[in-house]
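Since the structure comes first, as structure tokens, the remarks are kept for the end.
The values are calculated or read from the model by the stated rules, or taken from the named source; none is laboratory data. Predicted, not measured: the structure shown is a model, and the values here were computed from it. Cβ sites come from the backbone with ideal geometry, for glycine too, and all protein chains shown count toward neighbours. Side chains are part of the model used for accessible areas, which takes the heavy atoms of the whole protein and leaves out ligands, DNA and RNA. Shrake-Rupley method; radii C 1.70, N 1.55, O 1.52, S 1.80 Å.
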Amino acid sequence: MLRYTSPLVLSSLLLLTSGEDVSTELGLDDECNAADSENCALNAAQLRASRLKQMRQLEAAADEIDQASGADACTSSWGNCLKTGCCASAGYTCFEKDHTYAQCRPDCEEGLHYDDDPKYRWTWSCIKITPDMAKKDGVHEVKDGAMTPGSEVDATRDKKSKSETAREEQEGKDDDDDDDDDDDDDDDDDDDDDDDKKPKSKVEAGEDNTPKANPTVENTTTTSAGPTTTTTLGPPTSVDWSISPIVIKGNFLYNAATGKRFFAKGIAYNPRNINYRGVTEGPRSDTCKAGSPPFPWLSYTADVAADELEAEWTPNLEAIAAMGANTIRLYNIDPANSHAKFMKKCADLGLYVVIPLTRMDWGYLPAFPSPDCYNMDIDEYGNVGVNVLTSAKLIVKQFSQYPNVLMFVVANEMPVNDKNGYASFPCVKALTRDIHHYQADCGRTMRRVPLMYTDMDMGGDRAQIAEYLTCSLESDDDAVDAYGLNVYSWCDQEYLDPSGVNNFQYSPYQNIRQDFQDFEKPFLFSEFGCTLGQMETVCPYKGGRTWVQIATFFNEFKEIMSGAIAFEFSMEKNQFGVALTPGFLEGQDELELLDTYYALQKQFQEHHVDTTWDGLEADSCNAKPTDVAPMTRTHKKSRCPSRDQWQHLQEQHRVDKVADWDTLPPTPEAPLWAVEGQAECPNYLVEGDILAEQCCHMSC
């Protein structure tokens, strides 16, 4: 259900249509709409990078209009309009960043802007500033009705945030570093710092767009042959926590230490700290009023698991654990952030974490026909293969040390992003291959965390796509280790047969069971939880989803499924949440757990995985569930679809270009020493159960 970001076709981004209002186009939502699949080939980061050309053309055209009209009293394009509250160029509006800065720009999205210069990358409020709000001293007042839709200013507005304080401290240090005699912190001879303070994109600043390194980087020295690591390997372990890794044996998951079968009872986690005004999908209520969230709004591309957000995620994780969950799924990770506190808190609560390898603002896998999805050069972004592999390796390197990482997701819902997603699956296999190779190359310094692909339930196509992504084409390395379906079809309390009896065979899950009953890899519902029909609710969200389908996971699917992740924890724009984050509603200052939270808690606590196959020797490479007890079905190795099959599937979905599923794009050159000179692999060793599992996949 969670969408990667919503994009336009590449060619349309590079053209400025005469007479078209580009500012409207720039304001499109970052999320992908299935109904707009024709225009979902790129994600939001590509959108922003490619729009730079359009904005420059628009700016030049607007300046010509301004010169002809004699507009000179207002601020020029991209200038600081805090003192004027108006913009000279047509199509530009004065948007506030914070109480110290505003900018004339064609549009504005609340939150972090990743194309800002990193030195000035803090949250934008995006409140529209008008001339009557501006003051000569550079401080403005916010008046009723003067904000953009969806923006709020709460009573604590004027208090300094941590980011503001840190920024001001940094600017204080920077003041001592310039060589000029003026009072500002730029390098010119005037006293006006507006020119330097304007947030610039990396492209405008002349910087390269290489992803940042992890927070902790080994010391390296660079030679003509490349960097050489000078640090010494640490202790022979990653982190010494009480939680044990989960390993794959056959089509089941097992606790590596106990040999007991593991079933992921999970929930999706991606809170944005919105209020009810941010709800844009589903039924609306006239009685619910928007509150004032105490935490800053987080953009769709935000890393909600960053350690700096500890005050936000701590109560949420505790509520998730109390619900009876043992797994959470994340959707966007910035490897430049530290996540040690987050992962330790999860471990202490008994929570495993599903980590994404593709990102929404950098390191994405675009829904282009193969091989373009892995080797295309995009203007002002770079090579998609180099960037996605670099970013994925950074994430793998940082998170492999944590024993409670359940799986890495190599990609999510490619055909939902765009119809050409059906032609991009060879790129998913290529990324899978290259991450498996990276794990093997790092040897004893990296735990081999399983890789999973997750897809929207595609009905009749689901089995063929699953077979392709789990089959061995070039080698076993290009096959994902597990497969997930995002399933939203169970929308009623019961499914009755002609005699009026509740019967699983008449449910929408029956065909899924048939398609995966012989599947050889662990199979999960990577998202589930319909909010339609009998499961629908409206604010203040009484009743709603009862989660009765969970019983089938431990009965009809007991030999097939290894996990199910409910969508989602917090109430967001599409109203799938089981909890309201603080300030979602007026007068609601604390985390509020909804009826559907307690219904999910009841199901998780009542149903447990079958213990018939417990007692497996998890440190044995050849161990399989049937060593412990027989199974009713034979789980067969996946076979790659034939040329006729994959060609027909793509033609049926009218892709722009039928891709060759039998050929994978080559591995791009993406060494990590190119990212601030860091070492390719971690600086610790794995041992014990973790090492035993490693040796099942590589030469020890």
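Can you list the residues, at least 5 places off or on another chain, whose amide H is less than 5 Å from the amide H of Y352, using H built in the peptide plane?
T327, I328
What is the magnitude of the charge dipole of region 424-476 about its Cα centre, with +1 placed on the Cβ of each Lys and Arg, -1 on the Cβ of each Asp and Glu, and no other charges, expressed in debye to the nearest 20? Before the final figure, lay out the partial values.
Details: 6 positive and 8 negative charges, 64 e Å.
It comes to approximately 300 debye.
Can you tell me the length gained on complete extension of the stretch V501 to E592, counting 0.36 nm per residue apart and subtracting the Cα distance?
29.1 nm
What residues of region 575-589 lie in the reach of a label at D286, counting those whose backbone N is under 16 Å from a point 7 Å from the Cα along Cα→Cβ?
Of the residues in region 575-589, none has backbone N under 16 Å from the label point off D286.
Given a Förster distance of 45 angstrom, what is the FRET efficiency for T611 paired with A340, based on the Cβ-Cβ distance and rounded to 0.05?
After rounding to 0.05, the efficiency reads 0.85.
With the dipole of region 636-697 worked out from charges on the C-beta (+1 for Lys and Arg, -1 for Asp and Glu) around the Cα centre, which of Y684, C696, W646 lies farthest toward the positive end?
Of the candidates, W646 comes out farthest on the positive side.
Mind grabbing the accessible area of K558 for me, 1.4 Å probe, Å², rounded to tens?
80
Place a +1 charge on the Cβ of each Lys and Arg in region 390-514 and a -1 charge on the Cβ of each Asp and Glu, then give the dipole magnitude about the Cα centre in debye, rounded to the nearest 20. Could the numbers behind the result be given before it?
Numbers: 10 positive and 16 negative charges, 119 e Å.
That gives a dipole near 580 debye.
Does region 391-430 classify as rounded, prolate or oblate by the C-alpha gyration tensor (a ≥ b ≥ c root eigenvalues; a/c under 1.5 gives rounded; else a/b over b/c gives prolate, otherwise oblate)?
Since a/c reaches 1.5 and a/b is larger than b/c, the shape of region 391-430 is classed as prolate.
Given a cut-off of 17 Å, what percent of all Cα-Cα pairs of region 312-395 lie beyond it?
Above the 17 Å cut-off, region 312-395 has 55 percent of its Cα pairs.
Rounded, prolate or oblate: which one fits region 596-687, using the alpha carbon gyration tensor with axes a ≥ b ≥ c (rounded when a/c is under 1.5, else prolate when a/b beats b/c, else oblate)?
oblate
Here is the link list: K393/K521; K429/K558; K419/K637; K341/K521. Which ones come out longer than 26 Å on Cα distance?
The pairs that break the limit, which is 26 Å between Cα atoms, are K429/K558; K419/K637; K341/K521.
With N set to the residue count of region 394-503, report its C-alpha Rg divided by 2.2 N^0.38 Å to two decimal places.
1.34
Could you tell me which residue out of L309, T287, I274 lies farthest along the dipole of region 231-337 toward its positive end? Charges go on the beta carbon: Lys and Arg +1, Asp and Glu -1, centred on the Cα centre.
Among L309, T287, I274, the one farthest towards the positive end of the dipole of region 231-337 is T287.
With no solvent and one point on each alpha carbon, what is the Debye value of log10 I(q)/I(0) for region 535-606 at q = 0.15, 0.23 Å⁻¹?
-0.54, -1.02
Given region 502-647 reduced to its alpha-carbon atoms as identical point scatterers, what log10 I(q)/I(0) does the Debye formula return at q = 0.10, 0.13, 0.17, 0.21 Å⁻¹?
Taken in order of the listed q values, log10 I(q)/I(0) reads -0.50, -0.76, -1.03, -1.30.
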